[in-house]
Amino acid sequence: MSKRKLSRQQQWRVDKIQAERAQRAEKREVQDTDKLAAGEYGAEQPGRVMAHFGRTLEVRDADGNPIRCHLRANLEGLVTGDRVIWRAGQDGSGVVVAREERDSVLKRPDARGLLKPVAANIDQILIVFAVEPAPHPNLIDRYLVAAEATDIAPVLVLNKIDLLPEDGGELSKLLERYHSLGYPVVRTTTANEAGLEPLRQQLEGRTSVFVGQSGVGKSSLIDLLLPDESLRIGALSEDSRKGTHTTTTARLYTMNRDEVTDGELIDSPGIREFGLIHLTEQDVTDGFIEFHPFIGHCRFRDCRHRAEPGCALLEAVEAGKIHPERFASYRRILDSLDA
């Protein structure tokens with residue numbers, strides 16, 4: 001569709017608004033610089049962004065205290081989890097003057113389909129599913145593909161293991177399949193304190209995010225891991241077995257136990273709602289880690305791994321080197337992208 005041409009008056013107004021914005025940004029920058037030069041702010045020190053509120057940040061200082069800071073006008077795109085350099089003001093607030101290099105960044109599409117960062121410096125993505133509601137392998141695969149595309153290590157977390165049958169059932173076989181691929185698998189339950197211990201060990205010393213469908217118990221897990229925080233938990237309907245979450249702001253939490261820091265957790269619906277709409281077919285193919293030895297070995301360079309002769313992936317499936325259910329899941333994900 002062609003771009004609508006603006007009238008001369010409309011174009012003048014657009015240019016005027018943009019010029020006013022540039023002047024305001026320049027004025028803020030001059031004011032910040034003048035204040036810094038005048039000594040109204042202290043020495044530079046490291047911090048970590050705990051939450052983001054427009055032009056205002058909550059930054060954790062080296063002692064773990066939250067400090068309300070504003071941004072210098074030339075700093076944009078900071079997100080929860082960013083490591084920053086800030087300077088303290090005389091009124092107890094501060095100003096963020098720089099962002100340190102990120103180890104990782106988690107992005108998701110905005111309303112216009114553009115990728116925007118939502119959290120930074122994450123060590124692992126915990127994909128939570130549960131005995132009830134029963135998990136679907138294709139849904140787990142979708143989360144794994146999305147996680148692989150971020151270059152952040154995924155971990156599978158099976159919650160509500162107190163509801164497992166004694167022999168583990170088909171779910172145990174499914175978990176073993178993922179474990180054989182090299183994915184860490186953690187079994188947990190909120191039914192008793194001991195049931196959280198494997199999860200605590202996985203979280204220790206790391207910055208983590210939880211993702212997963214509604215009703216699997218993410219909020220219940222987070223509530224027990226952060227007993228000092230007031231997190232509302234969505235009700236789990238006895239009939240629908242579906243839950244809801246109510247967290248609205250991305251926030252970095254510190255998990256403490258017996259006055260010892262276990263790890264950090266970033267939580268928000270913007271992170272939990274983890275999709276694939278921004279990925280290409282090649283991204284999806286790369287997201288199946290057992291495909292890697294065979295990618296690039298097809299007879300045809302533009303092979304789409306459907307029914308082409310000499311397809312290395314299809315040959316690997318026939319040879320038992322790729323599980324047929326994983327390959328079928330891969331095809332369903334590609335078909336969903338086409339749709």
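Worth a mention:
- For the residues 271, 322, the requirement of being at negative phi and at pLDDT below 75 singles out 271.
- Pairs are defined by a Cβ separation below 9 Å, a sequence spacing of at least 6 or placement on different chains, a first member in the stretch 61-82 that is under 17 Å from residue 256 (Cβ atoms) and modelled with pLDDT of 90 or more, and a second member that is in a strand (DSSP E or B) and aromatic (Phe, Trp, Tyr); the pairs so defined are 61/86.
- Positions within the stretch 294-304 being without any contact (Cβ under 8 Å) to a residue 12 or more places away in the chain and either touching a Phe, Trp or Tyr at 6+ places or on another chain (Cβ under 8 Å) or crowded, with 18+ Cβ neighbours inside 10 Å (or both), in sequence order: 303
- Considering the stretch 130-165, the residues that are acidic (Asp, Glu) and touching a residue at least 60 places away in the same chain (Cβ under 8 Å) include one that is least open to solvent (accessible area, probe 1.4 Å), namely 141.
- Residue in the stretch 216-224 that is among the acidic types (Asp, Glu), at pLDDT 85 or above and under 30 Å from residue 314 (Cα atoms) present: no
- Scan the stretch 305-320 for residues that are part of a loop (DSSP other than H, G, I, E, B) and loosely packed, with under 13 Cβ neighbours inside 10 Å and the total you get is 6.
- Filter result for residue 127 (open to solvent by less than 10 Å² (accessible area, probe 1.4 Å), modelled with pLDDT of 85 or more and part of a strand (DSSP E or B)): yes
- Out of 118, 97, 79, sole residue that is outside any loop (DSSP other than H, G, I, E, B) and surrounded by 20 or more Cβ atoms within 10 Å (Cβ to Cβ): 118
- Selection from the stretch 321-339 of residues that are closer than 22 Å to residue 300 by Cβ and either outside any helix (DSSP H, G or I) or open to solvent by less than 10 Å² (accessible area, probe 1.4 Å) (or both): 321, 322, 330, 333, 334
- Test: residue in the stretch 278-287 that is more than 25 Å from residue 177 (Cβ to Cβ), open to solvent by 80 Å² or more (accessible area, probe 1.4 Å) and of a type in the set (Val, Ile, Thr): no
The values are calculated or read from the model by the stated rules, or taken from the named source; none is laboratory data. Predicted, not measured: the structure shown is a model, and the values here were computed from it. Because the Cβ atoms are built from the backbone with ideal geometry, glycine has one as well, and the counts that use them run over all protein chains shown. Please note that ligands, DNA and RNA were not included when accessible areas were found on the heavy atoms of the full protein model with its side chains. Shrake-Rupley method; radii C 1.70, N 1.55, O 1.52, S 1.80 Å.
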